[in-house]
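Accompanying notes for the structure given below.
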């Protein structure tokens, strides 16, 4: 999920070079892999299973190939029952999983920051399981999954929108004011939107297939949710290779998903580059899903960097001729529409942006990386001072992802060190070029960092073209304080200058939209921005976290210019022909969102939300709300 080199980048190696022994088995006696070596301690201090041997990789792939058609033709109601068997097992192991992730990332498991691992881990996995089970029940009863509030809507320009979030009364209460719809690709109609839903389940005798998932190393819910999508939306069994960064999570997934493992529908394996190469080229594997870096993707598809890769790319001759989907990185922009915001509104949004930088130590593919401000924005000094205040409030985090220190040094070297006083310069003056660092990091941490004074016209600026997968936020000013002009210029800049097509956000005051010219310009920007997820007044991670919306890069990407990736995951409504998801939220929410860096009960909210997600009910919903209100 990043544009940074993954620790398991796939090189040109032979299958016979795969060393190692198999991981420890799951509890079931039918577990596919036997332990022949002790569990290894990782650099994080959390024990990880050893690398899986070549023989056991071959056996796992063969087992899955043998089960693929059986699973593909399993009735939806039976699949729904299989999913529901995962809920209690996932909830039972949730606390231990969260504690392991906290140890690996240097977080106090009993403190508020542990809420990150609850909210982005078991809570989302449980939600995905339940929503897919409900969708399959719908398919069994009436052929299609239900849609969210608003259903299918045809805009005045003929484009089709589909309501996808929220989907129930309790969801509306817990996520007050947040709503999302999918914009379908040009040419879609209301009839085609319905006709293309759940396309896999319209096949009479599907053959299925085997998807190799190269798992993400940064967020605990990504590997299991990618597996769930392949299994229950696309109808293919899964061979999940854990990233070496978070391989310690694999045994938790094996136990939680044991019903799938026992039936031969899921295998989880361990290792680095050689294992990835061996499996990608295995004849039993029919599809690949890559989460990681564009560099990893291009090595797999086009070969090692150099003349051969460029030749293959130019002639359209991939070295791996299998269908590939992916979810990679992004230089995620936050565009602030000019307006005279109230101080509490501005403080809320400053904390939101700071959270988008600091969450998970900034190792998120949707972390805020480029703050796009209007040139001459009257509240620039106040907003940037608020951002600095937020950064100063949180101790720098452990930079647990490999390569982060080198990346941070490379992207900040040669930039003048600035004092925070420059943030209070009058808005008519441009910010000087340089870098500000906040906090006193320990040896294994990086400071929260702000790079200012970027030139929008500088085609050579690396921060425009490379995702800084570390604790760094850049600031660029463009356009003017006229909101229509700013929206047009910000859209052009994001589409033409910034790398990636995954996620973007805008801060928009509701009063601005009462001006017809601004409302039209905003709608024009939402249509034109080439991102798979766009959020208004909210972190785009909410599109990921809502689970029901499709999540992925804008479909303008290609195999040769992959940007943030190809295809969508999650998508529990099983929509076809999606272009993007647009999510809206209030400018200021109360109580403060539990994922905010300064929420005092985030860990309690996360634990209670996991219980509600596994078995929704008003009593559990009220328990979540009480913890949220105390934050």
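Of everything in the stretch 507-536, what is closer than 18 Å to residue 551 by Cα and outside any helix (DSSP H, G or I)? Give them in sequence order. 529, 530, 531, 532, 533, 534, 535, 536, listed by residue number.
Checking the stated criteria, residue 616 turns out to be more than 24 Å from the chain's Cα centre (by Cα), farther than 14 Å from residue 119 by Cα and either part of a loop (DSSP other than H, G, I, E, B) or in the same structural domain as residue 552 (by TED's automatic domain parsing) (or both). With the checklist (1) surrounded by fewer than 24 Cβ atoms within 10 Å (Cβ to Cβ); (2) modelled with pLDDT of 95 or more in hand, flag the one item residue 117 doesn't pass. Of everything listed in (1) surrounded by fewer than 24 Cβ atoms within 10 Å (Cβ to Cβ); (2) modelled with pLDDT of 95 or more, residue 117 misses just condition (1). Based on what the data block shows, is residue 183 touching a strand residue (DSSP E or B) at 6+ places or on another chain (Cβ under 6 Å) and not assigned by TED's automatic domain parsing to the domain that holds residue 552? Yes. Put simply, of 306, 272, 292 the only residue that is in contact with a helix residue (DSSP H, G or I) (Cβ under 7 Å, 6 or more places away or on another chain), modelled with pLDDT under 95 and within 30 Å of residue 407 (Cα to Cα) is 272.
In the stretch 309-330, of all residues being in contact with a helix residue (DSSP H, G or I) (Cβ under 7 Å, 6 or more places away or on another chain) and crowded, with 22+ Cβ neighbours inside 10 Å, the one that is farthest from residue 537 (Cα to Cα) corresponds to 326.
Pairing residues of the stretch 505-516 that are more than 19 Å from residue 490 (Cα to Cα) with residues that are in a strand (DSSP E or B), at Cβ distances under 7 Å and at least 6 apart in sequence or on separate chains, gives no pairs at all. The sole residue among 602, 556, 564 that is modelled with pLDDT of 95 or more, in contact with a helix residue (DSSP H, G or I) (Cβ under 9 Å, 6 or more places away or on another chain) and within 30 Å of residue 308 (Cα to Cα) is 564. On inspection, residue 357 fails the criterion of being in contact with a helix residue (DSSP H, G or I) (Cβ under 7 Å, 6 or more places away or on another chain) and closer than 27 Å to residue 592 by Cα.
Of the strands (runs of 3 or more DSSP E) lying entirely inside the stretch 142-186, those containing at least 2 residues that are exposed (fewer than 15 other Cβ atoms within 10 Å of the Cβ) span 152-154.
Do you know which of the residues in the stretch 395-410 that are out of contact with any strand residue (DSSP E or B) (no Cβ under 7 Å at 6 or more places or on another chain) and assigned to a loop (DSSP other than H, G, I, E, B) is surrounded by the most Cβ atoms within 10 Å (Cβ to Cβ)?
Kept after step one, since they are out of contact with any strand residue (DSSP E or B) (no Cβ under 7 Å at 6 or more places or on another chain), are these residues of the stretch 395-410: 395, 400-407, 409-410.
Cutting the leftovers down to assigned to a loop (DSSP other than H, G, I, E, B) gives us 395, 400-403.
Values: 395: 12, 400: 21, 401: 23, 402: 18, 403: 16.
It comes out as 401.
Of the candidates 497, 492, 530, the single residue that is modelled with pLDDT of 95 or more, over 15 Å from residue 579 (Cβ atoms) and touching a helix residue (DSSP H, G or I) at 6+ places or on another chain (Cβ under 8 Å) is 497. Going by what's in this entry, would residue 435 be described as surrounded by fewer than 21 Cβ atoms within 10 Å (Cβ to Cβ), in the same structural domain as residue 526 (by TED's automatic domain parsing) and in a strand (DSSP E or B)? Spelling it out, residue 435 is indeed surrounded by fewer than 21 Cβ atoms within 10 Å (Cβ to Cβ), in the same structural domain as residue 526 (by TED's automatic domain parsing) and in a strand (DSSP E or B).
State whether one or more residues within the stretch 598-610 are outside the structural domain of residue 357 (by TED's automatic domain parsing), part of a loop (DSSP other than H, G, I, E, B) and buried (at least 21 other Cβ atoms within 10 Å of the Cβ). So far as the stretch 598-610 goes, yes, one or more of its residues are outside the structural domain of residue 357 (by TED's automatic domain parsing), part of a loop (DSSP other than H, G, I, E, B) and buried (at least 21 other Cβ atoms within 10 Å of the Cβ). Scanning the stretch 454-467 for residues that are out of contact with any strand residue (DSSP E or B) (no Cβ under 6 Å at 6 or more places or on another chain) and crowded, with 17+ Cβ neighbours inside 10 Å yields 464, 466, 467.
Conditions (1) modelled with pLDDT of 95 or more; (2) in the same structural domain as residue 300 (by TED's automatic domain parsing); (3) crowded, with 21+ Cβ neighbours inside 10 Å; (4) under 27 Å from the mean Cα position of the chain (by Cα), marked per residue:
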{"residue": "58", "(1), (2), (3), (4)": "yes, yes, no, no"}
{"residue": "75", "(1), (2), (3), (4)": "yes, yes, no, no"}
{"residue": "83", "(1), (2), (3), (4)": "yes, yes, yes, yes"}
{"residue": "89", "(1), (2), (3), (4)": "yes, yes, no, yes"}
{"residue": "93", "(1), (2), (3), (4)": "yes, yes, no, yes"}
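Mind checking which residues of the stretch 473-491 are crowded, with 23+ Cβ neighbours inside 10 Å and in a loop (DSSP other than H, G, I, E, B)? Of everything in the stretch 473-491, just one residue is crowded, with 23+ Cβ neighbours inside 10 Å and in a loop (DSSP other than H, G, I, E, B), namely 479. Would you confirm whether or not the stretch 373-380 contains a residue that is touching a strand residue (DSSP E or B) at 6+ places or on another chain (Cβ under 7 Å), part of a helix (DSSP H, G or I), modelled with pLDDT of 95 or more and crowded, with 24+ Cβ neighbours inside 10 Å? For the stretch 373-380, residues touching a strand residue (DSSP E or B) at 6+ places or on another chain (Cβ under 7 Å), part of a helix (DSSP H, G or I), modelled with pLDDT of 95 or more and crowded, with 24+ Cβ neighbours inside 10 Å: present.
Scanning the stretch 454-472 for residues that are outside any loop (DSSP other than H, G, I, E, B) and more than 15 Å from residue 413 (Cα to Cα) gives 464, 465. Only one entry of 279, 288 meets the criterion of being part of a helix (DSSP H, G or I) and either touching a strand residue (DSSP E or B) at 6+ places or on another chain (Cβ under 6 Å) or surrounded by fewer than 24 Cβ atoms within 10 Å (Cβ to Cβ) (or both), and that entry is 279.
Restricting the stretch 575-591 to residues that are in a strand (DSSP E or B) and in contact with a helix residue (DSSP H, G or I) (Cβ under 8 Å, 6 or more places away or on another chain), the residue that is farthest from residue 334 (Cα to Cα) is 581.
The values are calculated or read from the model by the stated rules, or taken from the named source; none is laboratory data. Values in this document were obtained by computation on a predicted structure and should not be read as measured data. When we count neighbours, we look across all protein chains shown, and the Cβ atoms used for this are built from the backbone with ideal geometry, even at glycine.
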